[in-house]
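Just so it is clear, none of the values below were taken in a lab; they were calculated from the coordinates. Keep in mind it's a predicted model, so treat the numbers as computed, not measured. Please note: Cβ atoms are built from the backbone with ideal geometry, for glycine as well, and neighbour counts cover all protein chains shown.
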Amino acid sequence: MIAMKFGGTSVGNVEAFAQVAKIVADAVEREANTERPGVVVVTSAMAGVTNLLIEAARRAADGDEFYLEAENTLRVKHHFVAGQFIEDGLERAELARLTDERLQAFSRLCNSIAVLGEVTKRGMDLVSGLGERLAAPVLAAVLRSQGVPAEAVDATDLIVTDSEFGAAAPIKALTDQRCRERLLPMLEAGVVPVVTGFVGATVNGVPTTLGRGGSDYSCAIVGAALGVHEIQIWTDVNGVMTADPRIVPNARSLNQLSYEEVAELAYYGAKVIHPKTVTPAIEKNIPLRVLNTFQPEHPGTSIRNEGDGDLHGSVKAITAISGLNLVTVAGRGMMGVPGIAARTFHSVAGVGTNVLMISQSSSEQSICFVVPDNSAPTVIEALRTEFKVELERKYIDDISGLAKIAIVAVVGSGMRGTPGLAAGIFRAVGEKRINVIAIAQGSSEANVSLVVEERDRAVAVGAIHDIFELHKPTKERLGLG
Ligand code: ADP
Ligand code: ASP
Ligand code: MG
C-alpha cells in the first residue's frame, strides 16, 4: 500500500491531470501484486488556486468584490478539466453541481468577510482550504474516467487538529483512527481514496489548515496512519536537488537523503517538501520519495532514516529563506548577568514568534536571533518591556532589528567533523564580497547557516554551490570513479 501526493502543478491543467491518472493507474497495478494492495491519493488545489482564494478573502475584507471574478475563474477552471475527461453526462452534471455548491459557499463566505470588514484566521482557513475541496472530486472523477475506481474524501473527516488556524497540528490518535475507519474499507474494496490535502478540522468539525504547502504533510499523516510502505510526493522537479533549480540552474537531483537532512533543507526554505512531512514518516520509519509527475521514470529522491552516510561527501545541498529580521540584544553590561538569554527567548515565545536561528557572541556582549520580518516589531516591543530596567541602567545598550535579511543553510550530515568546510563556505561568499552578518551551526551538525542581506541570497547560494562543485555527479566530485 502506498500514499501519493500530487502538488498544484501536477493538477495544474488538463495534461497534468492525464499524467496523474496514468501514474495512479500504474501504481494501482503494481500494488495489486503486493501483500497489502492499495493506493491512497492526496491532492493539492490546482496551481494558483490557493493564492487566488486568499487574495479574494483579503480583498473582500477591504470591501473589494474581486471574489465574484475569482468565483468565475475557478468555475471555468474546474469545469473545463471535468469536461475534458468525463463523458457520462449525468456524472458531469453531478460534479458540476458539487463544484458550484462549493463556489457558492466561497462567495457567501467572502460576502460575510466584506460585511464584517475583516477576515479572521478561522475564516481564512475556511476560504483557503476550498481549493483542495474543489480539486479532489475532479481528480476522483478523472481517475474513474480512466478506469480507476476512485472516490473523493474530505480530510476534514480524517485529520483531526487543534484549533491553531493557519498552522493546525494533528491530534494523532483520533486522526489515525478516523483514517483507518474511513479509508481501509475503501482500499479493501479496490477503490482509490482521493483525499484533500492541506485541510483538517477540529474535534468540533471546524475546518482548519495545516499551513501553506501543507498537502505534503497531509499525505504523510494519512500514509503513516495506514502504515503504507512508501509515501510519495509527486511534484514538478526530479526530486530534492542540490539547490532550488530556479536559483541555481545547474543544480542536480539527489538520489538519497536522510530524514534529518530533508528536515533541515525544508525548514530553511527548500519548498519542494513541507518541513513537517518527515515527522509522521520518522515515527513509523516509512521511506519518503520525491518524484516528478512530468518525468515519472526518473527515480527522484529517496528519503529514509540512514540517508547514504558519507557517499555524497560533506555538503549535499544549499537552501535559503528570506523575509527575515535579525534582532540583536546588545550591551557591555550584559556580561555575566545570568538569565538574559532565558528572559529574551521567554519574551519571544510569549508573543508566539518562531525563532529560526540563534547566535551569541562568546564575549556575551550580544545575543542575536532571526525571526520573520513581519513579527519583528512585536518581538522588539516585548523585549523593550521585558528589559526596561536593564535598558535604563545601561546594562543593555540597544535592542534593535535588521530587516530584509536571509538565512542561507548549507546542509549534509556528512559535514560532521569535516575540517575546512566553514573555510570553504566563507571563501565562496567572500569572493563575491558578500557580507556575512551572523553564523550558526545546528547542534545536529548537519547544517551551517549564514545570515546575509536578502539581496545577496541568490549569489550566496550559487557561490557555495559552485565552490563545493555540487553541479558535478557525486562520484566524479568525490573521485570515486
Ligand atoms: P508542489 O506544488 O508540487 O507542492 P512546490 O512548488 O511546493 O510544488 O515545490 C516544488 C518547487 O520547489 C520546485 O519547482 C522548485 O522550484 C522548488 N525548490 C526549492 N528548493 C528546492 C530543492 N532543493 N530541490 C528541488 N526543488 C526545490
Ligand atoms: N494548496 C496549498 C497551498 O498552496 C497546500 C499545498 O499546495 O500543499 O499552500
Ligand atoms: Mg508544495
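Going by Cα centres, segment 95-121 and segment 278-296 are how many Å apart?
Here the answer is 34 Å between Cα centres.
Evaluate the distance, in nm, between pseudo-label points positioned 7 Å from the Cα of ASP64 and of PHE294 along their respective Cα→Cβ axes.
2.9
Do any trypsin sites (Lys or Arg not before Pro) in segment 179-242 lie in a loop, going by DSSP, with at most 16 other beta-carbon atoms within 10 Å of their beta carbon, and if so which?
Working: sites: ARG180, ARG182, ARG212; in loops: ARG212.
Answer in residue order: ARG212.
For the residues HIS346, HIS471, what sequence is obtained by ranking on other C-beta atoms within 10 Å, fewest first? Mind showing how you got there, number by number?
Working: HIS346 12, HIS471 15.
Final ranking by Cβ density, sparse to dense: HIS346, HIS471.
Relative to a virtual label point 7 Å from the Cα of ALA18 in the Cα→beta-carbon direction, which members of segment 138-164 show backbone nitrogen distances below 18 Å?
Answer for this model: 139-148.
Out of the trypsin sites (Lys or Arg not before Pro) in segment 1-94, which ones are loop residues according to DSSP with at most 14 other C-beta atoms within 10 Å? Don't jump to the answer; show the numbers that get you there.
Details: sites: LYS5, LYS22, ARG30, ARG58, ARG59, ARG75, LYS77, ARG92; in loops: none.
Sparse-neighbourhood loop trypsin sites (Lys or Arg not before Pro): none present.
Report the extension gain between HIS79 and ALA32 in nm, rounded to one decimal, defined as 0.36 nm multiplied by the number of residues separating them, less their alpha carbon distance.
13.7 nm
For segment 46-129, which GluC sites (Glu not before Pro) pass both filters: DSSP loop (anything but H, G, I, E, B) and at most 12 other C-beta atoms within 10 Å?
Numbers: sites: GLU55, GLU65, GLU69, GLU71, GLU87, GLU91, GLU94, GLU101, GLU118; in loops: GLU65, GLU87, GLU118.
Counting only loop positions with at most 12 other Cβ atoms within 10 Å, the GluC sites (Glu not before Pro) in segment 46-129 are GLU87, GLU118.
By DSSP, what percent of the beta bridges with both residues in the chain are antiparallel, rounded to the nearest 5? Show your work: numbers first, answer last.
Values: 41 of 68 bridges.
About 60 percent, rounded to the nearest 5.
Helix 172-188 versus the longest principal axis of the chain: what angle, 0 to 90°, nearest 10, using Cα atoms?
30
Between segment 1-28 and segment 183-234, how far is it from one alpha carbon centroid to the other, in angstrom?
15
Which Cα, out of VAL148, ALA341, ALA406, lies furthest along the positive dipole direction of the chain (beta carbon charges, K/R +1, D/E -1)?
Checking the options against the dipole of the chain, the answer is ALA341.
Using 1/(1 + (r/R0)^6) with R0 = 35 angstrom and r between the beta carbons of ASN255 and ARG433, what's the FRET efficiency to the nearest 0.05?
On the way: r = 35 Å, r/R0 = 0.99.
FRET efficiency, ASN255 to ARG433: 0.50.
Using only helices, what value at 222 nm comes out for the chain when you add -39,500 (n - 2.57) per DSSP H run of length 4 or more and divide by the total residues, to the nearest 500 deg cm²/dmol?
Numbers: 16 runs with 202 residues, N = 481.
Result for the chain: -13000 deg cm²/dmol, rounded to the nearest 500.
Is there a quick way to get the dipole size of the chain? I mean about its Cα centre, with the Cβ of Lys and Arg at +1 and of Asp and Glu at -1; what is the value in debye to the nearest 20? Mind showing how you got there, number by number?
On the way: 45 positive and 56 negative charges, 150 e Å.
The dipole magnitude comes to about 720 debye.
How far is helix 66-85 tilted off the main Cα axis of the chain, in degrees rounded to 10, range 0 to 90?
50
Skipping prolines and chain starts, which residues have an amide H placed within reach, meaning under 5 Å, of the one on PHE165, given they are 5 or more residues away or on another chain?
Amide H neighbours of PHE165: none.
Once both axes come from the Cα atoms, what is the angle between helix 215-226 and the longest principal axis of the chain, in degrees from 0 to 90, rounded to 10?
Here the helix axis deviates by roughly 70 degrees.
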